[in-house]
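The values are calculated or read from the model by the stated rules, or taken from the named source; none is laboratory data. The shown structure was predicted, so the numbers you read here are calculated from the model rather than taken from an experiment. For neighbour counting, all protein chains shown are included, and Cβ atoms are generated from backbone atoms with ideal geometry for every residue, glycine included. For accessibility, only protein heavy atoms count, side chains too; no ligands or nucleic acids. Shrake-Rupley method; radii C 1.70, N 1.55, O 1.52, S 1.80 Å.
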Amino acid sequence: MMSRFQTALVLAMVCGIAPPASAAGLTVIELFQSQGCSSCPPANANVMVLGERPDLLALSFGVTYWDQLGWKDTFASPQYTERQWDYARAFHRRNVFTPEVVVNGRADIVGADRGELEALIRREGTLAGPAIEIGKDSVTIGMGTGTAAVWLVRYDPSIIQVPVARGENGGLTLPHKNVVKELTKLGAWNGKAASYALPAAKDAPLRTAILVQAGSGGAILAAARN
């Protein structure tokens with residue numbers, strides 16, 4: 001018997017409609033940056049350009065530890081800083097740094113060199129974990145192996161221009177894209193097909209992405225966006 005996801009996929013192919021969101025063919029790139037960091041704009045520019053590729057899910061996280069140095073980042077959250085620390089601990093590091101681009105939760109790079117970043121993306125490849133179906137009010141994760149956390153990410157796909165008045169980037173207007181506005185843990189996944197309720201978005205224009213991630217700072221097994 002076919003699963004709901006398989007049935008929807010077959011109907012999509014027969015009827016010529018778009019299939020449900022799935023994990024196939026995506027690579028996740030997470031940028032950790034701060035508007036107060038003068039080294040961040042080149043990495044941010046690279047991630048913004050690469051984020052236009054259909055095979056990449058680019059997410060921008062603002063961190064807080066630059067806030068006391070003259071400019072408070074308008075998108076930063078302690079939760080995002082803690083997510084970066086999770087990666088630092090997983091990578092056996094004593095410190096965090098900006099800019100940092102993490103690819104599929106497995107490897108990282110500063111990200112200022114476009115060629116180096118693209119090479120890392122090629123090495124890490126696309127995700128091939130469990131299928132993900134994002135519905136209006138719920139998300140379904142298909143069968144697979146291992147255990148993981150299921151994360152809901154809501155992000156703004158528009159370009160937001162931020163005038164920076166003080167600090168290292170004082171006087172500049174910095175563009176931002178795919179800024180993460182919500183990060184919510186929906187529950188745990190144990191390899192069996194399971195569904196999770198999707199809370200309503202706090203801001204209607206935000207897009208939705210789902211990450212299936214093996215523990216805090218662990219590898220991302222699957223990802224999808226609507």
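Per-residue surface analysis assigns residue 166 an accessible area of about 140 Å², computed on protein heavy atoms at 1.4 Å probe radius.
Heavy atoms of the protein chains alone define the surface here; on that basis the chain has 47 Å² accessible area per residue at 1.4 Å probe size.
At the residue level, residue 38 shows approximately 60 square angstrom of accessible surface with a 1.4 angstrom probe and all protein chains present. Give me the Debye-computed log₁₀ of I(q)/I(0) at q = 0.07, 0.17 Å⁻¹ for the chain, equal point scatterers on Cα only, no solvent, two decimals. Treating every Cα as an identical point scatterer, log10 I(q)/I(0) equals -0.22, -1.24. A full extension of the chain between residue 68 and residue 173 corresponds to an added length of 35.9 nm, given 0.36 nm per residue minus the alpha carbon distance. Taking the helices alone, the chain has a mean residue ellipticity at 222 nm of -6500 deg cm²/dmol, built from -39,500 (n - 2.57) per DSSP H run of at least 4 residues and averaged over all its residues. Sorted largest first, the principal axis extents computed over the alpha-carbon atoms of the stretch 54-98 equal 36, 30, 16 Å.
Scattering from the C-alpha atoms of the stretch 113-218 alone, worked out with Debye: what is log10 I(q)/I(0) at q = 0.18, 0.20, 0.23 1/Å? Each listed q maps to, in turn, -1.01, -1.10, -1.21.
Ordering 204, 145, 37 by Cα displacement along the dipole of the chain toward the positive end leaves 145 in first place; charges were set at the Cβ atoms of Lys, Arg (+1) and Asp, Glu (-1). Using the Cβ-Cβ distance between residue 116 and residue 145 with R0 set to 41 Å, the FRET efficiency from 1/(1 + (r/R0)^6) comes to roughly 0.85. With a 1.4 Å probe and every protein chain kept in, tell me what percent of the accessible surface of the stretch 116-226 is carbon plus sulfur. Taking all protein chains in place, the stretch 116-226 shows 52 percent carbon and sulfur surface.
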